[in-house]
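All of the numbers you see were taken from the coordinates with simple rules; none came from a lab. This one's a predicted model, so the numbers in the text were calculated from it and none came from an experiment. Cβ placement follows ideal geometry from the backbone for every residue including glycine, while neighbour counts extend to all protein chains displayed.
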Amino acid sequence: MKIVSIVAARPNFMKIAPFCRAVERFNAIAPDSKKVEHILVHTGQHYDDRMSRAFFEELNIPTADINLGIGSGSHAEQVGNTMIAFEKVVRELKPDWVVTIGDVNATCACSITAKKEHVKLAHIEAGLRSGDLDMPEEINRLVTDRLSDLLLVPDRISIANLKREGRADKDIVFAGNIMIDTLEEQRDKAAAFGIPAVIEANRIGGGCKASEFVDDGFAVMTLHRPSNVDDPAILSELVDFAIGEGSAHCPVIWTLHPRTQKQLETFGLWDKVTHAPRLALLNPIGYHELLRLNMGARLMMTDSGGLQEECCVMGTPCLVMRWNTERPVTLRENGGVSTLVGNDVAMIKKMYSEYINLPRHESRPELWDGHTAERMLKAIVEYDR
Ligand code: UD1
């Protein structure tokens with residue numbers, strides 16, 4: 001069996017690592033006739049070393065067999081260029097399966113291409129829904145799931161979403177959260193990192209001394225969604241919160257996505273953040289480094305999807321700077337640690353004052369057990385519909 005799997009952007013890398021290893025383990029004991037030929041395609045959507053290569057090295061992901069070199073661009077450019085390039089790959093390789101992950105532009109582009117070439121399609125992280133079509137990722141999820149032959153879902157809420165859309169039980173496999181496989185595999189390695197060392201190695205600004213960041217005594221912030229960083233008024237208010245009340249109780253580590261750094265510079269906010277006394281401003285950091293910060297943080301403030309899930313398992317109280325989430329299983333009302341605060345600073349301040357004093361509370365949704373990749377691979381190799 002020949003499987004082509006697709007990665008494109010940072011959040012895909014921690015999800016493909018366990019899948020690659022599951023294939024290796026499967027092949028180690030499978031007879032020759034059953035072995036899986038796994039071809040990894042990187043579309044090149046994320047290309048900076050810190051956004052891509054670093055994760056391949058840290059997580060021991062084999063170098064991609066093919067890199068499509070798509071890079072940045074508008075959504076139509078990214079999706080269109082990926083489809084054109086990936087169509088050639090599919091025609092040449094003629095895989096039995098294409099496996100797409102998550103909700104980035106490449107997920108959608110490669111899913112459409114695979115089905116137009118009559119190749120079976122499996123989607124890792126199927127069934128997530130924010131209900132918000134202003135999010136490009138929601139469009140990518142809807143298109144990908146509609147086309148997928150095999151829907152590999154992380155939680156029961158996602159199963160219900162897919163059934164509401166008319167998908168049959170036979171197409172859905174409840175496999176768990178593949179990113180948690182990576183978290184469990186890498187947790188001990190991450191624990192060995194020192195927090196001041198992470199800051200020293202990655203700092204690009206902020207006046208707070210690295211030694212002032214101690215376990216349980218700092219908050220972490222990450223922002224990259226267009227809805228938070230592309231509007232100067234919104235980004236400016238979020239900056240004022242971060243350097244004001246948001247860092248009054250304890251200092252804040254803010255790890256910057258390239259888009260966010262670019263917008264801070266464009267909107268004339270760069271000087272303000274780089275000189276803020278209670279902030280450490282970092283470049284995009286590595287997987288272990290961020291996991292280490294998550295372990296020690298008193299509070300996470302983020303618009304990332306993956307961090308909501310990692311906080312849930314690590315127990316870190318989490319303010320989600322969005323109005324909706326496709327990952328409701330991580331919300332406090334469902335047993336998790338997160339709450340939605342959008343980008344309304346009054347709401348953020350209100351919830352901040354409550355969450356900064358919450359104790360850690362680990363919670364592990366069903367099947368987020370570190371063995372998701374092997375269940376996913378099994379579902380693909382045993383598929384007989
Ligand atoms: C993408 C995903 C988003 C995911 C995020 C994680 C889509 C629609 N969005 O958003 O779901 O949460 O990745 O990071 O696919 N840039 C660089 N270097 C890079 C990559 C990007 O400088 O290696 C800059 C460029 O200025 C680029 C901007 O970041 O224009 C945005 O990158 P893009 O890939 O379009 O989307 P993300 O915001 O990263």
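A few remarks follow.
- Inter-label distance for H118 and N67, nm, one decimal - labels placed 7 Å from Cα along Cα-to-Cβ: 3.4 nm
- Computed from the C-beta positions of M1 and E265, the FRET efficiency with R₀ = 51 Å rounds to 0.60.
- Label zone at K209 (point 7 Å along Cα-to-Cβ), backbone N below 16 Å, region 273-297: 277-280
- Under 11 Å, Cβ to Cβ, from W254 - net charge with Lys/Arg +1 and Asp/Glu -1: +2
- Calculated [222 nm] ellipticity per residue, helices only, for the chain: -13500 deg cm²/dmol; basis is -39500 (n - 2.57) per DSSP H run with n ≥ 4, divided by all residues, nearest 500.
- Virtual spin-label span in nm between K34 and E200, 7 Å along Cα→Cβ: 5.2 nm
- Shown here for region 8-82: trypsin sites (Lys or Arg not before Pro) in loop regions (DSSP other than H, G, I, E, B) with at most 16 other Cβ atoms within 10 Å, namely K35, R50.
- Each Lys and Arg Cβ is given +1 and each Asp and Glu Cβ -1; about its Cα centre, the chain then shows a dipole of about 420 debye.
- Lysine pair count for region 187-355 with Cα-Cα distance under 27 Å and sequence separation of 8 or more or different chains is 8.
- Length gained when the stretch T274-A192 is fully extended (0.36 nm per residue, less Cα-Cα span): 26.7 nm
- In this simple spin-label approximation, E333 and R156 carry label points 7 Å from Cα along the Cα→Cβ vector, and these lie 1.8 nm apart.
- On full extension, the segment bounded by A168 and R360 gains 65.3 nm, given 0.36 nm per residue less the C-alpha separation.
- Listed peptides 190-196, 103-109, 217-223 by packing density, highest first (mean Cβ within 10 Å): 103-109, 217-223, 190-196
- When each of the peptides 228-236, 304-312, 208-216 is scored by how many other beta carbons lie within 10 Å of its residues on average, the order from highest to lowest is 304-312, 228-236, 208-216.
- Degrees separating the helix 75-93 axis from the principal Cα axis of the chain, which is the longest one: 30 degrees
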